[in-house]
Amino acid sequence: MLRFLKGTFMKYFILLTIISNIFISTYTQASQPTTAIYCDYCSAQGKEVNALSSAFMNGQKIWVIDQQGTDFIIEEYRAVQQSSGDISQVDDFYVELISTHHKSSALSKAVSNAIIAMRNAMISIDESISHIQLPADDEFQSAFQIASFHKQFSGQMSDRIMNDSHIKQQFDIIDAQMQQLQANLSISLPFIGTSLNLSSQIRVMFNDGTSAEMTVTLTTSNGKNVKIVLSLTQARDKEGNIIPDVSSGLASYRSGEILNAGNTGHMGHFADWWHQLEVRGVKVISNGGGARGGSTSIKDCHYVVEKKFNGETFAKLICS
C-alpha cells in the first residue's frame, strides 16, 4: 500500500483552471443549447465579450460566472443570430443580458458552495500524492525497473492512487459537486482532461534511492467519475541523473564512471535495464572528433558489471 506524504502541486489557482475549462457547450432536455464560461473579476464589458465569444446558435443560453474573491456573480445571456441574407457570408451574433444573479442569490450561493467544496477536495488530493514513497516490499524497487516500461508503470500507479480510500473520497466529493452544478445551471459538465492543463509533477521514490517524475492530468467519462491519470516523464538514478531509454541519451549517461549501489541504485535492476536496451537493439550515439564535436556516429558500447572482493557490485560503461 502506498504511503502518501504531504506536499503541494495543485493550489487554489487550479480550481480556477478547472472551472474555466469544464463548462463546455451541451444541450438541456428541452434541446436548448446552453453554455457556461468562467471569468475572474470581469467588467460588464468583459462579461459581454466572453458571452459573445461563446455564441454559436440562435437562442443559445450563456451563463457567465464571475468570481470576485469568495463571491460569485452569475449573468445569463441569450445569443441572437443576425442573418446577412448572403449565403456566402457567416452569420453574426450579438448577446442580450437576460438576468443577473448577485452574490446573495440562491443560485450564486449554490455555485459558490460547490466550487469551494471542489477546491478543498483538490487541495486534499494535492497534499496526499505530490510525493510518494514506495514501501520496502513494493514490487517496484528501482527506477531502473520502469525506465523502459513507461506505460505499464504509469497505469499501475494511476490505479493505486485511485484505489486509495482517501483519494476516492475526495473524488466522490468532486463528482457530487459537479452534478450539483449541473442541476443548478441545467447543463452537463464534460470534464475533458486534455483541455484542463492540470499537469503537475509527482515524485515517486523507490527503495534503492532512485526516483521517477510523473505528470498528472484529470479525466472523466460523460462529466462523471473524475480520475487521475499519471504519465512517466523521467526516471532518475540515485544521484538524480536521468536514466535514458533511447540511443541519444546513453552517451551522456555517466560514461566511464564506476557505478555502484551507493551512487546509482540497485545494480541487479541496473543490469536488467541494460539488458532490455540490448534486446531492443539500442546503440549509444556519441559525437565524433573535432573542435565542435564533429559528425554524429553510432559506437558500440557496453557496461561491464563486476563484483569486488567484498561482494559489492559495480558497473562501468565502456565505448570502443
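The values are calculated or read from the model by the stated rules, or taken from the named source; none is laboratory data. It should be emphasised that the depicted structure is a prediction, and the values quoted were computed from it without experimental measurement. Note that we place each Cβ from the backbone using ideal geometry, even for glycine, and neighbour counts take in every protein chain shown. Ligands, DNA and RNA are excluded from the accessible area calculation, which covers all protein heavy atoms including side chains. Shrake-Rupley method; radii C 1.70, N 1.55, O 1.52, S 1.80 Å.
Residues in segment 243-253 that are out of contact with any strand residue (DSSP E or B) (no Cβ under 6 Å at 6 or more places or on another chain) and either under 17 Å from Ser211 (Cα atoms) or open to solvent by less than 10 Å² (accessible area, probe 1.4 Å) (or both): how many? Qualifying residue count, segment 243-253: 3. Note down all Cβ pairs under 9 Å where the first residue falls in segment 51-70 and is of a type in the set (Ser, Thr, Tyr), the second is assigned to a loop (DSSP other than H, G, I, E, B), and they're at least six residues apart or on different chains. Listed pairs, sorted by first residue: Ser54/Ser25; Ser54/Gln60; Thr70/Lys103.
Determine the pairs where a residue that is more than 15 Å from His275 (Cα to Cα), located within segment 301-320, has a partner that is open to solvent by 90 Å² or more (accessible area, probe 1.4 Å) and assigned to a strand (DSSP E or B) with Cβ atoms under 6 Å apart, the partner being 6 or more residues away or on another chain. What qualifies is Thr313/Lys307. In segment 110-196, counting only helices (runs of 4 or more DSSP H) that sit wholly within it, the ones holding 1 or more residues that are open to solvent by 10 Å² or more (accessible area, probe 1.4 Å), polar (S, T, N, Q) and at pLDDT below 90 span 165-185.
Each row is one residue, and each column tells you yes or no for (1) surrounded by 12 or more Cβ atoms within 10 Å (Cβ to Cβ); (2) farther than 24 Å from Arg119 by Cβ; (3) modelled with pLDDT under 90.
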| residue | (1), (2), (3) |
| --- | --- |
| Ala51 | yes, yes, no |
| Gln60 | yes, yes, no |
| Thr70 | no, no, yes |
| Tyr77 | yes, yes, no |
| Gln82 | no, yes, yes |
| Gly85 | no, yes, yes |
